[in-house]
Amino acid sequence: MAITEHFELLMLLAILATFFMAWGVGANDAANAIATSVGSKAITLKHALIIAIIFEFLGAFFAGGEVTQTIRKGIIDPDALTGKGDVLILGMLASLLAAGSWLFIASYKGWPVSTTHSIVGAIVGFGAWVLGIDTIYWSKVGIIVSSWIVSPLLAGIIAFLLFSSVKKLILDNPDTYHAATRLVPVYILLTGFIIAMITLTKGLKHIGLDLTIMQSIIFSFAIGLLMMMVGIFFIKRIDRFTHHGQMNHPVERIFSLLMVFTACSMAFAHGSNDVANAVGPLAAIFGVLQNNESVSTQSVTTHWILLIGALGISIGLITMGYRVMATVGQRITALSPSHGFAAELSAATSVVIASGTGLPISTTHTLIGAIIGVGLVHGRQSLNWKTLISIGQSWLITIPAGGFLAILFYYVLAAFFLG
C-alpha cells in the first residue's frame, strides 16, 4: 500500500509536528532576540514580548522564504533518496518530532541551544541510520560543529572590544552624560547600519529583494543616519539630573533607546531566518505527497506553511520563552543597557561578517559569546561559570540528542505506516 493513501493523516501529523518544532524555536531561540533587553531592564518583559511577537511573526510570515532546500542542505546525498519518497516523508516527520522534543527539554531547563543544530542533528541521525553512514556529507556536519567555537569566539572578541570602547570613552569619563550625548549617536549610526545589513542581506533575501552588497551598504548607511537623527532627538529629551540607581542613570537610559531598536530588528531577522528550521521539513513532506512520492530537491514553502511556523514561534515565546530569557539575560553576567547594547550589536555584527565570508555560525552561540565578551571586560569573576558550563554541555549533546530521538521516532512511524 502506497504511503500517499495516508495523505490526510500524514499531513495532519506533519502540521502538528511543524507547529511543535516552531513552538520550540519560539521558546528557545526567539527568546534570545530579546533576552538582553529584558535582562538589562532596558525593556519590561511585557513590552519585550509584544515587540518579539510582532516582529518574529512579521519576519517569519513575510520574509520566511519562498523556497526551502531542506533535502539538499548538503547533509544527505539527494541520490540516496531517489525512489524513496516514503522514507523521506517519515524521516522528515521524525526529524521534526525529534528536534521539537529536544527544544522542549532544553527550553524547560533554560538552556539556550541552536535550533539549526537540533534539526540538523535529527536529519543526520535519521539519514545515517536508515540510509547509511556514507549518504551523509560529514564535511558539512564538521563545519556545523566547528561553529561551536567560531560563533562565540568571534562575537566575544567583538563584544569585548566594543564594550571596552564604551567603558573607556563614556562610562569612565568624568562627565559621562556629555560624553554619551556626543558618542552614543555614533553608536546609534553603527547599530542602524549593522542591523539594516543583517536584515537586508539575511532577513529579506527570500522576498525577491535582490540587492548587491554595495546597494545594501548604501541603504544600511542611510537607515543608520535616519536612526541617528531620531536618537539625537530622544537623547535631548532625557533629563541628565534625574536618576535613581545605576540602572536608571541618564546614560543607561540613553542606551535603553538603542535596545528597543535592536530588539525589534533582531526579532524580525530571527523570525525570517529560523522559521525555515520548522517549516522546511513540512514543505518537503507536502511536496512529496503532492507528487505521489516523487522526491524533488526543492520544496515550495507556501504562505499557509509559513503561517503555521509564525504562529508556533509566537506561542512558544509566550508560553516558555521566559526560561531561556532568564538564563541569557540574568544568569551569565550582570547586564545594564550599555552591556546589553554591546552584546546585541556584537552578535549582529558577527552574523553580518559570517554571512559575507561564509563562516559557520549559530545566532544562539554568537549571543552567548557576546555576553561573555562583555562580562570579561570586568574580569573573569563577573561571569557565572556554573551556568556557562551547563550551557556548553547542552551545546555538545544537541546534535547527538536530535539524532537519537529522530531514529526512535522514525521506527515508531515506520512500524505504523509501513508495517
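So here's what we get for this one:
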| read-out | value |
| --- | --- |
| Area of ARG253 that stays accessible when all protein chains are in place (1.4 Å probe, Å², to 10) | 60 Å² |
| Listed residue pairs exceeding 31 Å between alpha carbons, taken from LYS168/LYS236; LYS46/LYS140; LYS109/LYS167; LYS41/LYS109; LYS84/LYS109 | LYS46/LYS140; LYS109/LYS167; LYS84/LYS109 |
| Dipole magnitude of the chain, debye to nearest 20 (Cβ charges: Lys/Arg +1, Asp/Glu -1, about Cα centre) | 1400 debye |
| DSSP H segments from the chain that extend 18 Å or more along their own axis, Cα-based, with Kyte-Doolittle mean of -1.0 or above | 7-25, 45-63, 85-109, 138-166, 176-198, 213-235, 250-290, 303-330, 337-357, 363-376, 385-417 |
| For the chain, calculated [θ]222 nm from helices alone, where every DSSP H run of n ≥ 4 adds -39500 (n - 2.57) | -25000 deg cm²/dmol |
| Among THR181, THR199, THR262: highest mean-square fluctuation, GNM of the chain, C-alpha pairs under 10 Å | THR181 |
| Carbon and sulfur %, accessible surface of the chain computed with the full protein complex present, 1.4 Å | 69 percent |
| Which of ARG182, ARG323 is most accessible, then next, and so on - probe 1.4 Å | ARG182, ARG323 |
| Cut-off under 5 Å, modelled amide H: who pairs with ILE76 long-range | TYR137 |
| Full-extension gain in nm, PHE234 to TRP304, via 0.36 nm per residue minus C-alpha separation | 21.2 nm |
| Angstrom value of the Kirkwood radius, inverse mean 1/r, which spans all Cα pairs in the stretch 71-181 | 17.2 Å |
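The values are calculated or read from the model by the stated rules, or taken from the named source; none is laboratory data. Predicted model, so just to flag it, every value in this text is computed and none were measured. Every residue, glycine as well, gets a Cβ built from its backbone with ideal geometry; the counts of neighbours run over all protein chains shown. Please note that ligands, DNA and RNA were not included when accessible areas were found on the heavy atoms of the full protein model with its side chains. Shrake-Rupley method; radii C 1.70, N 1.55, O 1.52, S 1.80 Å.
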